[in-house]
Amino acid sequence: MQDAPLDSYSQSDLMDPARATACLTALDLPATLGKGDALPPFFHYLYFWDAQPPEHLGRDGHPKVGGIVPDMGLPRRMWAGGQLEFHAPLRAGITTTKTTTVASAIHKEGRSGPLGFVKLRHDYTQGDESCVTEFQDLVYRQDPDPKAQKPVAPQARLDETQAETREFNSTLLFRYSALTFNGHRIHYDLDYAKDVEGYDGLVVHGPLLAQILMLMAEREIGALRRFSFRATSPLMHFEAATLCWGGDGTLWVRGPDGRQNMIAEAE
């Protein structure tokens, strides 16, 4: 019998500067972080690992649902988007508490079948100071029908004022999975990604795309107060992407065929 779902739980982590430095290195950015330095926005995702033994993992490599995340009865999981408020910098080498609460969990009927939507709230504090409030949107869905036509992705804007092109090979995906302790097999197991979940290749992490967009926004407008993002179509490991700044706080990721992979807003 499955345990009753939890409403909330808390974790603590020391925010090791070496892990943040390793992430900067993986992203080909200057890596000079030490204890007490402000972490880049969203680098808290590198911490608070949920290390479960193999028998507590689902087929996709994620921890089984039924704890903090309710069982929606659907096998495929996707981090669909998120919203963040930055109140104060999180600093490396300082013990930090993360408190997670289920904000909502609902079922809906979509064009491709039943969907489950779970919204988690994460609050990050250092000492008595609230540093970050984050909402994480998860979507659960059925396995794909091999005979069904794939959905048509929206086309991305072409009016950016700044842009950078990036490649996301399997090495970068592996390193980001390792740094975030993300066992989701769609990011490193090509056979699983294609044969079970119906993708054309390894899937670039949505949070990785959001991370790079946040760093772009920070370069353009300075320290962020808010950031929101939504994934709109998957990007594969063999595809180069154009990450775009619209000049008005909007950002997006454009795939090589012009499709929109992610949209975001920053302030």
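The values are calculated or read from the model by the stated rules, or taken from the named source; none is laboratory data. All values reported here derive from a predicted model rather than from experimental measurement. All Cβ positions, glycine included, derive from the backbone under ideal geometry; neighbour counts span all protein chains shown.
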(message) Just to verify a result, which residue in region 45-66, among those that are surrounded by fewer than 20 Cβ atoms within 10 Å (Cβ to Cβ) and touching an Asp or Glu at 6+ places or on another chain (Cβ under 7 Å), is farthest from Leu215 (Cα to Cα)?
(response) Gly66
(message) Suppose the filter is surrounded by 15 or more Cβ atoms within 10 Å (Cβ to Cβ), among the acidic types (Asp, Glu), out of contact with any Asp or Glu (no Cβ under 8 Å at 6 or more places or on another chain) and touching a residue at least 12 places away in the same chain (Cβ under 8 Å); does Glu85 pass it?
(response) no
(message) Between a residue in region 239-267 that is in contact (Cβ under 8 Å) with a residue 60 or more places away in the chain and on the phi > 0 side of the Ramachandran plot and any residue that is assigned to a loop (DSSP other than H, G, I, E, B) and of a type outside the set (Asp, Glu), which pairs come within a Cβ distance under 7 Å, given they are 6 or more apart or on different chains?
(response) Gly247/Thr161; Gly258/Ala156
(message) Pairs please, first residue from region 167-182 and closer than 14 Å to Thr25 by Cα, second anywhere and part of a helix (DSSP H, G or I) and of a type in the set (A, V, I, L, M), Cβ atoms under 7 Å, 6+ apart in sequence or on different chains.
(response) Leu172/Ala26; Arg175/Ala26; Tyr176/Ala26; Tyr176/Leu208; Leu179/Ala22; Leu179/Ala26; Leu179/Leu46
(message) Suppose we keep only residues that are in contact with a strand residue (DSSP E or B) (Cβ under 9 Å, 6 or more places away or on another chain) and closer than 29 Å to Tyr140 by Cβ within region 28-44. Which one would you say is surrounded by the most Cβ atoms within 10 Å (Cβ to Cβ)?
(response) Phe42
(request) Would you point out which residue out of Thr242, Thr180, Thr171, Thr165 is touching a Lys or Arg at 6+ places or on another chain (Cβ under 7 Å) and of a type in the set (Ser, Thr, Tyr)? (result) Thr242
(message) Just to be sure before I move on: is Val203 of a type in the set (A, V, I, L, M, F, W, C), closer than 18 Å to Arg77 by Cβ and in contact with a helix residue (DSSP H, G or I) (Cβ under 7 Å, 6 or more places away or on another chain) in the structure I sent?
(response) yes
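Results for (1) assigned to a loop (DSSP other than H, G, I, E, B); (2) under 22 Å from His62 (Cβ atoms); (3) acidic (Asp, Glu); (4) at pLDDT below 95, shown as yes or no for each residue.
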site: Asp145; (1), (2), (3), (4): yes, no, yes, yes
site: Glu164; (1), (2), (3), (4): no, no, yes, no
site: Phe174; (1), (2), (3), (4): no, yes, no, no
site: Met216; (1), (2), (3), (4): no, no, no, no
site: Ala223; (1), (2), (3), (4): yes, no, no, no
(request) May I ask you to list the residues in region 84-127 that are out of contact with any strand residue (DSSP E or B) (no Cβ under 9 Å at 6 or more places or on another chain) and over 21 Å from Ala223 (Cβ atoms)? (result) Arg111
(request) Working only within region 30-44, note down all residues that are under 14 Å from Leu215 (Cα atoms) and either at pLDDT 95 or above or not in a loop (DSSP other than H, G, I, E, B) (or both). (result) Ala38, Leu39, Pro40, Pro41, Phe42, Phe43, His44
(request) Please find, among Met262, Met216, Met236, the residue that is touching a Ser or Thr at 6+ places or on another chain (Cβ under 7 Å) and surrounded by 15 or more Cβ atoms within 10 Å (Cβ to Cβ). (result) Met262
(message) With the requirement that a residue be closer than 25 Å to Lys150 by Cβ and surrounded by fewer than 15 Cβ atoms within 10 Å (Cβ to Cβ), what does region 239-259 give you?
(response) Ala240, Pro256, Asp257, Gly258
(request) Working carefully through the options Ser104, Ser130, find the one that is of a type in the set (S, T, N, Q), at pLDDT below 95 and part of a strand (DSSP E or B). (result) Ser104
